[in-house]
Amino acid sequence: MRNDLKLPRLYKTLLMLALVFGPFYWLAFTEDGQRRTDLALMFLLGKPEMNAAVDSFTSALTEGQIRETFPKLLFQCADGSNPFGDRLCAAEIGAFNGMPASSVTLFLVGDGLRAVKVSYRRIYHPLMRDWVEGRVGRADDPQTAPGSDETGDGVATWTVPDGLLIMRDGELAREDDPALFWLSGAALARQAAARAPDQAPLN
């Protein structure tokens, strides 16, 4: 008696549907699929990617070095006082280390880098937190973290070789800005000096 190896018509139909709609479901309804779809869209729109180890940034970096390292980023700059310096430069980006993002802002004193802000899409806030913790470990204890008095409640900080990484802790409220900050030690000292009128501001 011969075995009938012919696939039933219903099975073949279901298999074809799975092959057609399986990738679509993954791209549209799973977190990883949505992230990859967004990255592909940003690439098609010509938005550059920024792959940067911001946890290793130092205040010895200059605007010129950043431009040389990321030549595809079209920075627009303006002079003027800001919370971390006297000059800032901003550029649109499509991705930051494999995560869909919208912009990066450099805060400078003269040509010297003092802080960086990376703005990303709100839905990727947990993934950004995972990226940070994969780089530098768990967040600092808010009671003992250097500079924790600057950040206030609801903010996670990580001590890095020169300064802090900072982002909102937990789920974002509607008014919260989805952003990751790197603040150099010089920027933190400048803020501390600004709160003490009897001290001269630091660069």
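The values are calculated or read from the model by the stated rules, or taken from the named source; none is laboratory data. Treat the numbers as computed from the prediction; the structure is a model and nothing was measured. When we count neighbours, we look across all protein chains shown, and the Cβ atoms used for this are built from the backbone with ideal geometry, even at glycine. Keep in mind that these areas ignore ligands, DNA and RNA; they rest on the heavy atoms of the full protein, side chains included. Shrake-Rupley method; radii C 1.70, N 1.55, O 1.52, S 1.80 Å.
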Theoretical gain in end-to-end length, residue 111 to residue 51 [0.36 nm per residue, Cα-Cα removed]
19.5 nm
For the stretch 58-144, the percent of accessible surface on carbon and sulfur atoms (probe 1.4 angstrom, ligands and nucleic acids excluded) is 51
Stokes-Einstein diffusion coefficient for the stretch 49-194 at 20 °C in a medium of 1.002 mPa s, Rh from the Kirkwood formula over Cα pairs: what value in µm²/s?
139
Quick one: Karplus J couplings for the stretch 177-189, per residue in order, coefficients 6.51, -1.76, 1.60, θ = phi - 60°, nearest Hz, x for Gly and Pro?
8, x, 8, 10, 10, 10, 10, 6, x, 5, 5, 5, 5
If you count only protein heavy atoms with a 1.4 Å probe, what accessible area per residue comes out for the stretch 49-194, rounded to a whole Å²?
47
Please give the length that would be gained between residue 133 and residue 97 if that part of the chain were fully extended, namely 0.36 nm times their separation in residues minus their C-alpha to C-alpha distance (nm, one decimal).
11.6 nm
FRET E, pair residue 60, residue 81, Förster distance 22 Å, beta-carbon r, rounded to 0.05:
0.45
Say R0 is 30 Å: what FRET efficiency, to the nearest 0.05, do residue 123 and residue 72 get from their beta-carbon distance?
0.75
Suppose accessible area is computed on protein heavy atoms with a 1.4 Å probe; arrange 171, 133 from highest to lowest.
171, 133
